[in-house]
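Structure first, then comments.
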Amino acid sequence: MTDGGGMSLHVVHLTLRGRVQGVGYRAWCAREAGARGLLGWVRNRRSGAVEAVLAGSPDVVAAMVEACRSGPLGARVDDLLLHEAAETALAAGGRDRFVVLETV
């Protein structure tokens, strides 16, 4: 996948478990990702997990994944599952910017 400037985008799908709901994790993630110029989305899962898709240059995506390992103040990430993803992972939202989606 490429962005508007023709740059190739690296896309990953994350599932985070621990104390990641009720601590502002989604808002923090959206702010951090947006500030880094990433595309994608974040949402809560009814299971108690947080799910996110991050898309951007490989080095910026990698730095955001590392930031997600700790998250905002008050969060505790016990498990971070990471999978490489295709551009179709952006179909739920976040093709033009980073967004917070409804809980599923």
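The values are calculated or read from the model by the stated rules, or taken from the named source; none is laboratory data. Computed from a predicted model, the values in this text were never measured in an experiment. With ideal geometry, Cβ positions are generated from the backbone for all residues, glycine too; neighbour counts draw on all protein chains shown. Side chains are part of the model used for accessible areas, which takes the heavy atoms of the whole protein and leaves out ligands, DNA and RNA. Shrake-Rupley method; radii C 1.70, N 1.55, O 1.52, S 1.80 Å.
What pairs come up if the first residue lies in the range 32-47 and is among the basic types (Lys, Arg), the second is open to solvent by 60 Å² or more (accessible area, probe 1.4 Å) and assigned to a strand (DSSP E or B), and their beta carbons are under 9 Å apart, counting only those six or more places apart or on different chains?
Short answer, once both residue conditions are applied: 43/100.
Mind telling me which of the residues 52, 35, 92, 85 ends up being aliphatic (A, V, I, L, M) and within 15 Å of residue 20 (Cα to Cα)?
Residue meeting the stated conditions: 52.
If residue 99 satisfies every condition in (1) within 13 Å of the chain's Cα centre (by Cα); (2) more than 12 Å from residue 39 (Cβ to Cβ) but one, which is the exception?
(2)
Out of all the residues in the range 51-71, which are of a type in the set (D, E, K, R) and out of contact with any strand residue (DSSP E or B) (no Cβ under 7 Å at 6 or more places or on another chain)?
Of everything in the range 51-71, those that are of a type in the set (D, E, K, R) and out of contact with any strand residue (DSSP E or B) (no Cβ under 7 Å at 6 or more places or on another chain) turn out to be 59, 66.
Within the range 41-91, how many residues turn out to be under 17 Å from residue 102 (Cα atoms), touching a His at 6+ places or on another chain (Cβ under 9 Å) and small (Gly, Ala, Ser)?
2
Restricting attention to the range 66-91, report how many residues are among the β-branched types (Val, Ile, Thr) and closer than 17 Å to residue 41 by Cα.
Number satisfying all stated conditions: 1.
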